[in-house]
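Asks: Can you read through this structure? Questions will come right after.
The values are calculated or read from the model by the stated rules, or taken from the named source; none is laboratory data. Here the structure is a predicted model, which means the values were calculated and not measured. Please note: Cβ atoms are built from the backbone with ideal geometry, for glycine as well, and neighbour counts cover all protein chains shown.
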Amino acid sequence: MNKYIRWHGMLAFIGFFAALIALVYFFAAPALRFGLTTGLTRVNGAEVNIERLSLQWSPFAVELQNIEFTDPETPELNRFQAQRVSFGVEVLQAMIGRVYIDELSATGIAMGVERARPGRVRADYIAEREAEGDTRTWGERFAELGFDFPDLDELLERSEIRTPAVVDSSERAVRQSRNDVENRRDELPSSDVIDQYETRMRALRDARPRTIEEFEQLRRQLTELRDDMRADRDRVQAFTQSVENAANQIQTSVRELRDAPGADLDRVRRLIELDNDAISDIAGILFGPQVQQWTDYALIAYDFVAPLLQSEAEEEPSRWEGRFIEFDDGSAPSFLIRLANTSLTLGEVDISVRWDNITWQHERIGSPTTYVLNVSQTPYWNSFSADGNFFINEAIEFNGQQQWSLQGAELTAQRLLEQANLRVDLSRAVINSRGDVRISEGRFSGGAGVNLQDVEMATEGDRTWARLLGSALTQIQAFDLDVGLAGRVGSPRLNISSDLDNQLSSALSGVMQEYASEQLTEVRAQLEAQVAAAMADIQPQLDQVQQLRSLAQDREGQLQSLLDEELDNLRDSALDQLRNRLGDQLRGRLGGN
Amino acid sequence: MLGMLARLLKALNSEAGPWAIAWGFVLGMIMGLTPLLSLHNLIIIFLAMSLRINFSGFLIAWLFFSGVAYLFDPIADYIGESLLQAQALQGLWTSLYDQPWARLAQFNHTITLGSLTFALLFAPLWLFISYYLVVNYRARVKAWFIKLKIVQALRGSKFWGIYERLSSLRGGSV
């Protein structure tokens with residue numbers, strides 16, 4: 001045997017491996033703790049801490065104590081923490097990359113708890129978040145609404161008050177019209193001229209033409225009189241037209257003048273009013289962060305599954321470095337927790353969740369992952385139940401559903417919005433909610449209905465608009481929130497709509513009308529005083545023009561009457577007289593018949 | 001390195017069995033051609049340390065074939081890929097895939113399987129070639145080699161000092 005065996009070499013080999021095993025035995029726990037911390041930090045996107053890790057070698061089991069997952073969005077908080085997590089693992093399977101856990105137990109789970117010190121957020125998580133870029137926070141969306149109510153001077157400056165300009169232009173127009181009329185007043189025949197026409201007409205009426213010559217002379221005088229009267233009538237008509245135009249112009253100016261203050265005040269009101277489209281976002285802005293947080297907690301399981309799915313799909317073969325060829329017959333999953341019991345304590349409420357078949361290879365085990373919440377009796381709500389399941393097929397398509405029902409839960413005081421100039425707090429509310437979220441091919445659909453009753457909200461803010469918004473919010477007693485869920489697993493998007501928007505719009509409208517009325521009383525008085533002063537100047541001029549118009553119409557009527565009736569009658573009368581006289585003379589010469 | 005080469009020269013020039021040296025070359029060749037961090041290399045090291053083969057020959061062969069392996073990897077990859085994709089062997093591979101020890105041996109890695117297969121097939125041939133080389137070296141080349149001017153020059157070098165020291169320690173002769 002000694003001829004072939006080098007005993008000291010064999011002993012050296014065995015000794016080396018014995019030392020290696022001893023090293024593993026003594027340092028496996030810290031090494032595993034380091035590996036778990038690093039791996040979970042990568043999946044979580046922010047620092048994960050494990051205070052203590054204990055190993056049991058046969059059967060192989062791991063116990064973790066005080067695990068904390070930093071919330072990458074709010075590093076001061078833990079998105080998840082647990083006091084104790086224990087599970088047994090099949091070692092041989094684990095060595096070839098198959099993690100089989102028969103029973104996992106997690107106790108003392110809490111979410112959203114403040115950390116002793118802020119956790120570090122991974123640079124790649126921050127880069128990824130920055131690359132998404134266009135995702136606006138609720139706070140940014142509030143800023144974009146442009147809630148602002150300017151003071152009176154600012155309002156008047158922005159609204160371009162037009163009344164003074166209208167006063168000026170009206171006064172100018174009235175003055176111009178009146179001057180035009182005055183300048184043409186000389187064209188109006190005086191009463192003396194009318195009297196002369198009547199005198200001339202009377203003379204003609206009394207004339208008894210005896211001969212053809214006298215009649216011809218009378219006819220010429222008549223024609224002259226008619227031409228003179230027609231010329232004067234035309235001048236009177238022209239004057240009348242100009243007076244009419246002036247009167248219309250002045251009346252238009254007076255109308256504009258009277259309407260100007262109202263138009264200005266309407267313009268100022270429009271500046272104060274909020275855009276209804278902007279108000280349609282207010283429910284999301286106020287309750288978005290809170291609902292986002294609830295949703296994050298509700299979907300936390302999916303946050304952890306999503307990166308695992310990605311890592312499954314990210315295997316790239318590399319030529320010349322060789323590659324591992326899979327001979328997976330699809331009968332065994334690479335990760336499976338057959339049963340997990342997790343317990344969470346919120347205040348005096350114990351919430352336990354039972355999970356069955358946690359894996360992402362459900363086709364291999366032929367059943368989905370299911371989970372059911374059990375909640376102890378509590379004074380905080382009347383009833384609460386939730387359950388769900390999900391199934392991931394070999395094409396990494398995620399399908400599942402989750403439903404819940406919460407009745408009569410009392411919300412404690414919490415801050416809804418904190419901006420530089422505004423704080424909105426929800427003092428109290430009673431909440432009822434039913435939700436049904438479905439996941440099909442990795443995309444969320446469905447959502448939740450949330451009904452809030454006995455709502456008390458309070459606002460703080462020095463600016464005028466903050467006080468107005470506060471007044472409007474305090475009028476809200478109850479409202480519904482419809483929360484729609486969309487987007488991919490791991491990055492869900494929320495869509496919040498609510499009748500709060502309509503209620504708030506109506507309340508704000510009333511509040512702002514009141515504000516506008518208070519602010520604009522003085523403005524209205526100023527503008528109306530300007531208009532009244534202008535009207536005091538314009539009215540006599542208008543009266544004067546209207547008198548002239550009456551006078552012109554009177555003159556025109558007189559002339560037209562003389563022209564229409566007297567002249568024709570006069571000519572016919574003279575002609576008849578001449579005809580009779582000539583007839584008499586002719587009968588005398590012919591013998592008395 | 002110089003010490004190792006000196007040990008090899010000493011072995012070649014001593015009365016050590018040519019089979020012991022040849023087996024050292026074979027085990028070194030297998031370990032050199034295949035990826036270092038593999039389960040089968042643990043067995044190779046165990047054999048190299050436990051059996052009375054020439055350990056210097058093993059180390060020299062390992063270093064030599066590790067260099068050769070960089071050129072050999074594409075061929076090993078091709079062999080491994082062909083074996084792992086062969087329809088006739090799919091049942092074998094699938095059943096091995098569920099065996100933890102086989103997965104730890106990285107049987108499904110193309111270069112590991114290809115290089116190991118090649119090395120095992122080449123081992124008998126390399127064993128006899130090594131044996132032939134050692135025997136013929138001792139019979140024909142050793143005297144000629146010692147008389148070479150370059151070897152004469154080496155006699156005054158550090159390398160020769162090491163060689164001499166080893167020879168005196170083990171009582172060997174040139």
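Asks: Looking at (1) assigned to a helix (DSSP H, G or I); (2) modelled with pLDDT under 85, which one does residue A:227 not meet, given that it meets all the others?
Replies: The failed condition is (2).
Asks: A follow-up question, please. What are the residues in region A:44-73 that are within 44 Å of the chain's Cα centre (by Cα) and either crowded, with 18+ Cβ neighbours inside 10 Å or under 19 Å from residue A:84 (Cβ atoms) (or both), if any?
Replies: A:44, A:45, A:46, A:47, A:48, A:49, A:67, A:68, A:69, A:70, A:71, A:72
Asks: Could you please give the count of residues in region A:368-415 that are in a loop (DSSP other than H, G, I, E, B) and over 35 Å from the mean Cα position of the chain (by Cα)?
Replies: If we filter region A:368-415 for residues that are in a loop (DSSP other than H, G, I, E, B), which is where we start, we get A:368, A:376-382, A:393-397, A:412-413.
Still in the list and also over 35 Å from the mean Cα position of the chain (by Cα): A:368, A:376-379, A:382, A:393-397.
Of the residues in that region, 11 qualify.
Listed here are the residues, each with its yes/no results for (1) crowded, with 16+ Cβ neighbours inside 10 Å; (2) assigned to a helix (DSSP H, G or I); (3) within 14 Å of chain A (Cβ to nearest Cβ).
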site: B:113; (1), (2), (3): yes, yes, yes
site: B:127; (1), (2), (3): yes, yes, no
site: B:131; (1), (2), (3): yes, yes, no
site: B:153; (1), (2), (3): no, yes, no
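Asks: May I ask you to say which residue of A:36, A:77, A:32 is touching a Leu at 6+ places or on another chain (Cβ under 8 Å), away from every other protein chain (no Cβ under 14 Å) and farther than 30 Å from residue B:44 by Cβ? Explain how you work it out, then say what you get.
Replies: On the way: A:77 fails: touching a Leu at 6+ places or on another chain (Cβ under 8 Å); A:32 fails: farther than 30 Å from residue B:44 by Cβ.
Among A:36, A:77, A:32, only A:36 is touching a Leu at 6+ places or on another chain (Cβ under 8 Å), away from every other protein chain (no Cβ under 14 Å) and farther than 30 Å from residue B:44 by Cβ.
Asks: Are any residues in region B:82-94 at the interface with chain A (Cβ under 8 Å from one of its Cβ atoms) and either of a type in the set (Val, Ile, Thr) or surrounded by 14 or more Cβ atoms within 10 Å (Cβ to Cβ) (or both), and if so, which ones? Working first, answer last.
Replies: First, pick out the residues of region B:82-94 that are at the interface with chain A (Cβ under 8 Å from one of its Cβ atoms): B:84-85, B:90, B:93-94.
Residues satisfying the conditions are B:84, B:93, B:94.
Asks: Evaluate the following for residue B:55: is it of a type in the set (Phe, Trp, Tyr), in contact (Cβ under 8 Å) with a residue 12 or more places away in the chain and at the interface with chain A (Cβ under 9 Å from one of its Cβ atoms)? Even if it seems obvious, please write down each step before you answer.
Replies: On the way: of a type in the set (Phe, Trp, Tyr): yes; in contact (Cβ under 8 Å) with a residue 12 or more places away in the chain: yes; at the interface with chain A (Cβ under 9 Å from one of its Cβ atoms): yes.
When the stated conditions are applied, residue B:55 passes them.
Asks: If residue B:107 satisfies all but one of (1) within 7 Å of chain A (Cβ to nearest Cβ); (2) over 21 Å from residue B:17 (Cβ atoms), what's the number of the condition it fails?
Replies: Every condition holds for residue B:107 apart from (1).
Asks: Taking residue A:320 as meeting all but one of (1) part of a helix (DSSP H, G or I); (2) at pLDDT below 75, write down the number of the exception.
Replies: If we test residue A:320 against (1) part of a helix (DSSP H, G or I); (2) at pLDDT below 75, just (1) comes out false.
Asks: So which of B:21, B:60, B:75, B:30 is within 12 Å of another protein chain (Cβ to nearest Cβ), of a type in the set (Val, Ile, Thr) and either part of a helix (DSSP H, G or I) or under 21 Å from the mean Cα position of the chain (by Cα) (or both)?
Replies: Details: B:21 fails: within 12 Å of another protein chain (Cβ to nearest Cβ); B:60 fails: within 12 Å of another protein chain (Cβ to nearest Cβ); B:30 fails: within 12 Å of another protein chain (Cβ to nearest Cβ).
None of the others qualify; the one that does is B:75.
Asks: Please pick out the residue among A:520, A:548, A:508 that is touching a helix residue (DSSP H, G or I) at 6+ places or on another chain (Cβ under 9 Å), assigned to a helix (DSSP H, G or I), within 30 Å of residue A:168 (Cα to Cα) and not assigned by TED's automatic domain parsing to the domain that holds residue A:246. Working first, answer last.
Replies: Values: A:548 fails: not assigned by TED's automatic domain parsing to the domain that holds residue A:246; A:508 fails: within 30 Å of residue A:168 (Cα to Cα).
Within the list A:520, A:548, A:508, the selection yields A:520.
Asks: Which residue pairs have Cβ atoms closer than 7 Å, lie 6 or more positions apart in sequence or on different chains, and pair a first residue in region A:228-242 that is touching a residue at least 60 places away in the same chain (Cβ under 8 Å) with a second residue that is of a type in the set (Ser, Thr, Tyr)?
Replies: A:229/A:197
Asks: Taking into account only those residues within region A:459-498 that are loosely packed, with under 14 Cβ neighbours inside 10 Å and not hydroxyl-bearing (Ser, Thr, Tyr), which is nearest to the chain's Cα centre (by Cα)? Step through it out loud before you land on a result.
Replies: Start the filter on region A:459-498 by keeping residues that are loosely packed, with under 14 Cβ neighbours inside 10 Å, which leaves A:460, A:462, A:477, A:486, A:491, A:493, A:495.
Narrowing further to those that are not hydroxyl-bearing (Ser, Thr, Tyr): A:460, A:462, A:477, A:486, A:493, A:495.
Details: A:460: 22, A:462: 23, A:477: 22, A:486: 20, A:493: 18, A:495: 14 Å.
Across region A:459-498, the extreme among qualifying residues is A:495.
Asks: Going through A:185, A:219 one at a time, which residue ends up being closer than 30 Å to residue A:534 by Cβ and more than 60 Å from the chain's Cα centre (by Cα)?
Replies: On the way: A:219 fails: closer than 30 Å to residue A:534 by Cβ.
Within the list A:185, A:219, the selection yields A:185.
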